[in-house]
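S.K.: Below is a structure I'd like to ask you about.
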Amino acid sequence: MQTRSEQTRRALVRATAELIADGQLSDAGLVNICRKAGVSRGALYHHFPSTAALAAAVYGQARHRVVALTEEAFEGPSADALERFLVALGEALRTEEIVRAGMRLAEDGSAGPPRLRDDLLTMVHQRVSDAHQETTSRHEDLADLAVVVAAGLESLGHTSVDWWSVTTSQRLWGVLRPLFGPDGADRD
């Protein structure tokens, strides 16, 4: 069972994530956070020294989640790892406010750069490059393409959540799959 202090802290993080997820960092000001969380200013300052520290806590939770979904997606066979990643990322962006908010934040709780989005794209680039290094001389090109697709889906989803749907990720992967298959990137 959570203590009252833990419940207040979670409410503050959740309220901050909700304000940033579908808005912007400037929406997560002291008054808005306290109002959304249903707590006093004193309660916020009891748990966090500043709203930036609170936003940094959102970043930390989002980073933990994004690293876990990336590791999980790239654990299996490399042939369809990018598809697993795109589906998992899209689902997390569509359903998890903490992830949507965290993608817009830097480690210090500011708007960055670098933001979690930048860190994620670097992770994806490295994973795809490593996974295809032995199968194609164009592994860096595949990694660049993976980053472009992931960044595009993340950005476009803020205009229409349909970009984050499983169907969209699978449809795009159907077009990309031949490039990521054996010798696909070596074709001219």
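S.K.: Probe radius 1.4 Å, ligands and nucleic acids left out: which of PHE48, PHE74 has the largest accessible area, and how do the rest follow?
M.R.: Most to least solvent-accessible, the answer reads PHE74, PHE48.
S.K.: Also, quick follow-up: How much length would be gained if the chain were fully extended between GLN133 and THR167, taking 0.36 nm per residue of separation minus their Cα-Cα distance, in nm to one decimal? Numbers along the way, then the final one.
M.R.: Numbers: separation 34, 0.36 × 34 = 12.24 nm, distance 2.87 nm.
Full extension from GLN133 to THR167 adds 9.4 nm.
S.K.: Could you work out [θ]222 nm for the chain from helices alone, using -39500 (n - 2.57) per DSSP H run of at least four and dividing by all its residues? Round to the nearest 500 deg cm²/dmol.
M.R.: Estimated from H runs of four or more residues: -22000 deg cm²/dmol.
S.K.: Consider all pairwise Cα distances in segment 67-188 and report the whole-number % of them above 24 Å. Spell out each step's value before the answer.
M.R.: Values: 1774 of 7381 pairs.
Distances greater than 24 Å cover 24 percent of the Cα pairs.
S.K.: Separate question: Before I look further, what does segment 19-154 give for accessible area per residue, probe 1.4 Å, in whole square angstrom?
M.R.: 46
S.K.: Add +1 for every Lys or Arg and -1 for every Asp or Glu among the other residues with Cβ under 10 Å from the Cβ of SER169, and state the total.
M.R.: 0
S.K.: Also, quick follow-up: What size of dipole, in debye to the nearest 20, comes out for the chain about its Cα centre when the only charges are +1 on Lys and Arg C-beta atoms and -1 on Asp and Glu C-beta atoms? Please list the in-between numbers first.
M.R.: Values: 20 positive and 26 negative charges, 241 e Å.
Approximately 1160 debye in magnitude.
S.K.: Keeping every protein chain in place, order TRP163, TRP173 by accessible area at 1.4 Å, biggest value first, i.e. largest first. Present the calculation step by step, with values, prior to reporting the outcome.
M.R.: Details: TRP163 90, TRP173 0 Å².
Listed by decreasing accessible area, they come as TRP163, TRP173.
S.K.: Continuing with this model, one more query. Return the carbon/sulfur percentage of the accessible area of the chain, one whole number, probe 1.4 Å, all protein chains in place.
M.R.: 50
S.K.: Assuming R0 = 41 Å, what is the FRET efficiency of ARG4 and ARG94, from their Cβ-Cβ distance, to the nearest 0.05?
M.R.: Efficiency, from the Cβ-Cβ distance: 0.80.
S.K.: Kindly report, to the nearest 10 Å², the accessible surface of ARG177 as traced by a 1.4 Å probe over protein heavy atoms only.
M.R.: 110
The values are calculated or read from the model by the stated rules, or taken from the named source; none is laboratory data. Being a predicted model, the structure only gives us computed values, none of them experimental. Virtual Cβ from ideal backbone geometry, glycine too; neighbours counted across all protein chains shown. Only protein heavy atoms, including side chains, enter the accessible area calculation; ligands, DNA and RNA are left aside. Shrake-Rupley method; radii C 1.70, N 1.55, O 1.52, S 1.80 Å.
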